[in-house]
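Okay, so here's the structure we're looking at.
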Amino acid sequence: MLLLAVDTATPAVTVALHDGDSVVAESTQVDARRHGELLLPSVDRVLAAAGLKLDAVTGVVVGVGPGPYTGLRVGLVTAATFGSALGVPVHGLCTLDGLAYASGLEGPFVVATDARRKEVYWASYDGSRTRTGGPAVDRPAEIAEQVAGLPAVGAGALLYPEVFADARGPEHQSAAALAALAAEKLAAGEELLPPRPLYLRRPDAQVPKNYKVVTPQ
Amino acid sequence: MADEPLVLGIETSCDETGVGIVRGTTLLADAIASSVDEHARFGGVVPEVASRAHLEAMVPTIERALKEAGVTARDLDGIAVTAGPGLAGALLVGVSAAKAYAYALGKPLYGVNHLASHICVDQLEHGPLPEPTMALLVSGGHSSLLLAPDITADVRPMGATIDDAAGEAFDKIARVLNLGFPGGPVIDRLAKEGDPEAIAFPRGLTGPRDPAYDFSFSGLKTAVARWIEAKRNAGEDVPVRDVAASFQEAVVDVLTRKAVRACKDEGVDHLMIGGGVAANSRLRAMAEERCERAGIRLRVPRPKLCTDNGAMVAALGAEMVARNRPASDWELSADSSLPVTDPHVPGEHHHGHVHDHDHVHEISKDNLYS
Ligand SMILES: [Zn+2]
């Protein structure tokens, strides 16, 4: 088994290879504006570091968000295209689940990433493998009561310390964690998600105002 | 490299997910998924809606094109993709897919210019482009007059719209007349039953001191809207067919007049017309008439090749391969304002090294099917 995992749903452009036992190679770059430029070279670098070629990959894992859409789609379309070209399955995982898994936390906690527009994407967990609520997108103040007193993981938590008082790392998504979680789930025969984006918001689409009168009345 | 390269082209600059496959100047497949219906209720293309639709449609459209062409991916000589200009988020879906596909197959990647592709597509219909070719590109997104001595390396802007694109004017007038979106086809249809000389709408930028090859449709749009309003305010019926015909006549008159003039001034004896508005029947008829009178050969591809599609991108990609133009890097960006003077986006390491695209092979050689 050789899984190629990619995630571009957060500012991190992150790629990892996992052979079923452990992570073989990984690359994580944090740059919110250059997902399109950075992802493919990262894949190439990770494969080169492992001394492997893309045709050795037996499955692709992709973070399906939630995350800002433009970046999120880079990972999803790359994963889908690899899957088609290689003839291998493409599995989706909630991006927040990767952060939860990487935290290694026991008991209840939350994961929050930056959704911009003064909102966070967030989900609640009971242990690093068990999501109990979400994902959702909300203003931090609106969920203050629900997250009060809970450890909180991710850049979204670190951004709003007044709401997430016990904010901690990991700050950024890692495809290594995502790959390890996927390998564990696949080994246990668990079903993963389809590789479809979790946008959580409707597209911004202003219906143009009715025809504006141009003649002075 | 093969004389007749087999190239797959991906186009996602606006609301059409297009994947085309060509062999040299022969069209093998032209698969399209359009999100136009999803935009209709907004009266224009909504970028985020378009981007979402591209993601959904991308892989199925690639697979459909391969099936339609009856070729296997491993036989391709290259993957071409629209790198710009266009909607940033929409372009990014196509560019990312093209990179992944080229990398997985171990093929060179060519990021190409959308406007140059609109010109090059005519090779699929009428054979190799004469050099130079004068091109009039008219759609909802662009109105340009371009002179192309070499479609892979030398495209020169002669003129462009200084405000609205021609297709945009059609959409806006259709909205004023409550005819829905997109406006082009319905105005064309109604105009056939109207009198093009019923109302004398203004011809923008045609005065003696105006720029010879630039266009302006904003003043025309306002004039038409005012005329309709005046009728409505006076409680009279709006003669929709006459308005459509007279408005269309004004647009088409300016477009063809300037295109023919550019050909004459530059001594070019071929004019190609592309873009969605090239499907307009009155534009075709008037261009034919005026070109014939001026001794210019007119080349207009069939309507399906005039609107945005993947075949046009594949056509330009094939020309890039045939002429040994350098491939793009894996860092290739989607560039929403890629200048028309850049027919393609060669890799960083290749300025001045036209015959060398080894870097693609360095990085991707034997990735698959080795
Ligand atoms: Zn176009």
Each label sits 7 Å from Cα toward the beta-carbon; between B:GLU193 and B:ARG226 the label points are separated, in nm, by 3.0
antiparallel share of DSSP beta bridges within the protein assembly as shown, to nearest 5, in %, is 65
Counting partner chain Cβ atoms within 10 Å of every residue's Cβ in A:63-74, what's the average? 3
Report, in deg cm²/dmol and to the nearest 500, the calculated mean residue ellipticity at 222 nm for chain B, where each DSSP H run with n ≥ 4 adds -39500 (n - 2.57) and the sum is divided by the residue count. -13000 deg cm²/dmol
How large is log10 I(q)/I(0) at q = 0.06, 0.15 Å⁻¹ when the Debye formula is applied to the Cα atoms of chain B, each weighted equally and without solvent? -0.23, -1.24
Roughly how many whole Å is it from the C-alpha centroid of the range B:52-125 to that of the range B:234-299? 31
Roughly how tilted is helix B:88-105, in degrees to the nearest 10 and between 0 and 90, from the longest Cα axis of chain B? 30
Computed over chain A: relative contact order in percent, which uses C-alpha pairs under 8 Å that are six or more apart: 23
Relative contact order (percent) for chain B, with alpha-carbon contacts under 8 angstrom and 6 or more residues of separation? 26
B:HIS118, A:HIS172, reordered so the largest accessible area comes first (probe 1.4 Å): A:HIS172, B:HIS118
Normalised by the number of residues in the range B:133-300, what is the relative contact order in percent for Cα pairs under 8 Å and 6+ residues apart? 28
Residue mean of other protein chain beta carbons inside 10 Å, A:28-39: 3
Helix B:218-233: angle to the longest alpha-carbon principal axis of chain B, degrees 0 to 90, nearest 10? 40
What FRET efficiency would be calculated for the residue pair A:SER22, B:THR26, taking the C-beta separation as r and a Förster radius of 56 Å, to the nearest 0.05? 0.65
Per residue, how big is the convex hull around the C-alpha atoms of the protein assembly as shown? Give it to me in cubic angstrom, could you? 166
Sticking to Cα atoms, compute the Rg of the range A:96-168 to one decimal and its Dmax as the biggest Cα-Cα distance, whole number, in Å. 10.5, 31
Compute a Gaussian network model of chain B, connecting alpha carbons closer than 10 Å, and tell me which residue from B:ASN113, B:ASN280, B:ASN178 fluctuates the most. B:ASN178
Along Cα→Cβ, 7 Å out, is where each label goes; now give me the distance between the ones at A:ARG139 and A:ALA165 in nm to one decimal. 2.2
If you line up the long axis of helix B:240-266 against the longest principal axis of chain B, both from Cα atoms, how many degrees apart are they, to the nearest 10? 60
Tell me, in nm to one decimal, what length is gained between B:ARG64 and B:ALA234 on full extension, where the rule is 0.36 nm per residue of separation less the Cα-Cα distance? 55.8 nm
Applied in sequence order to the range A:107-117, the curve 6.51 cos²θ - 1.76 cosθ + 1.60 (Karplus, θ = phi - 60°) yields integer Hz couplings, x standing for Gly and Pro, of x, x, 7, 10, 10, 9, 10, 7, 9, 6, 6
Starting from the alpha-carbon convex hull of chain A, give the projected area averaged over all orientations, in nm². 15.4
Amide hydrogen neighbours beyond the local backbone of A:VAL64, cut-off 5 Å, H modeled: A:LEU93, A:CYS94, A:THR95
Which residues of the range A:77-93 end up with at least 10 Å² less accessible area in the presence of all protein chains than when their chain stands alone, using a 1.4 Å probe? A:VAL77, A:THR78, A:ALA80, A:THR81, A:PHE82, A:SER84, A:ALA85, A:LEU86
Longer than 18 Å from Cα to Cα, which of A:LYS53/B:LYS107; A:LYS53/A:LYS185; B:LYS192/B:LYS221 are they? Say none if no pair is. A:LYS53/A:LYS185; B:LYS192/B:LYS221
Two-site label geometry, A:ALA148 and B:HIS126: point separation in nm, points 7 Å out along Cα→Cβ: 7.5
Cα centroid separation, the range B:18-36 to the range A:174-196 (Å): 36
In order through the range B:148-161: 3J(HN,Hα) via Karplus (6.51 cos²θ - 1.76 cosθ + 1.60), integer Hz, x for Gly, Pro: 10, x, 8, 4, 8, 9, 9, 10, 10, x, 9, x, 7, 6
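The values are calculated or read from the model by the stated rules, or taken from the named source; none is laboratory data. Everything quoted here is computed from the prediction, not taken from an experiment. All Cβ positions, glycine included, derive from the backbone under ideal geometry; neighbour counts span all protein chains shown. SASA here: full protein model, heavy atoms, side chains in, ligands and nucleic acids out. Shrake-Rupley method; radii C 1.70, N 1.55, O 1.52, S 1.80 Å.
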